[in-house]
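All remarks here apply to the structure that follows.
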Amino acid sequence: MITPVDIQNKEFPKKISGYDRISVDEFMLEVAEAYEKIYRENIDLKDKLSNLNESLRKYIAMEDAMQNTLMFAQNTADDVKKSATEKAEIMVKEAELKAKEVTCNAQNKVLEQERKLEELKNEINIYKTKFESLISAQKALIDEMFNA
């Protein structure tokens, strides 16, 4: 690539019926200055492009990191949700088993109380029968005493 210095130092061979040297030198100076300006702008733009590319790489790396973090967070949330669901199911099953146990115990107690009630009714009937027999016997005895 031609540099501005190359343009400024360029010399043309001289000929007898050639171009006006002052006009050529002035024009070459203008071209060199314009070229130098463009050349510097090109260097600045390349630097800016390089900086932008570096920034872009950083942003892409950040985006990748964020996506990985989001995926990790989503997986963690899914795991927590799954774990909570499993724990809830276990708790429900344990509660159902406990409820069945309590219900079964209550039913057994009711049956036991009903059996005791029947026993008490039977004992009352036996006592009533014995008492009625005793009263009958005492009445018969009293009747015999007063009828004798």
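The values are calculated or read from the model by the stated rules, or taken from the named source; none is laboratory data. Please read these numbers as outputs of a predicted model, since none were measured by experiment. For neighbour counting, all protein chains shown are included, and Cβ atoms are generated from backbone atoms with ideal geometry for every residue, glycine included.
For the reader, a short list of remarks on this structure follows.
- Any hit, the stretch 50-67, residues being basic (Lys, Arg), modelled with pLDDT under 85 and surrounded by 10 or more Cβ atoms within 10 Å (Cβ to Cβ): no
- With respect to the conditions (1) touching a helix residue (DSSP H, G or I) at 6+ places or on another chain (Cβ under 7 Å); (2) at pLDDT 95 or above; (3) of a type in the set (Val, Ile, Thr), VAL80 falls short on a single one, namely (1).
- Test: ASP25 is of a type outside the set (Phe, Trp, Tyr), outside any loop (DSSP other than H, G, I, E, B) and modelled with pLDDT of 85 or more: no
- Reported count of residues in the stretch 6-20, each being free of Cβ contacts under 8 Å to residues at least 12 places away in the same chain and surrounded by 10 or more Cβ atoms within 10 Å (Cβ to Cβ), is 4.
- For the stretch 132-144, the count of residues that are exposed (fewer than 10 other Cβ atoms within 10 Å of the Cβ) and not in a helix (DSSP H, G or I) is zero.
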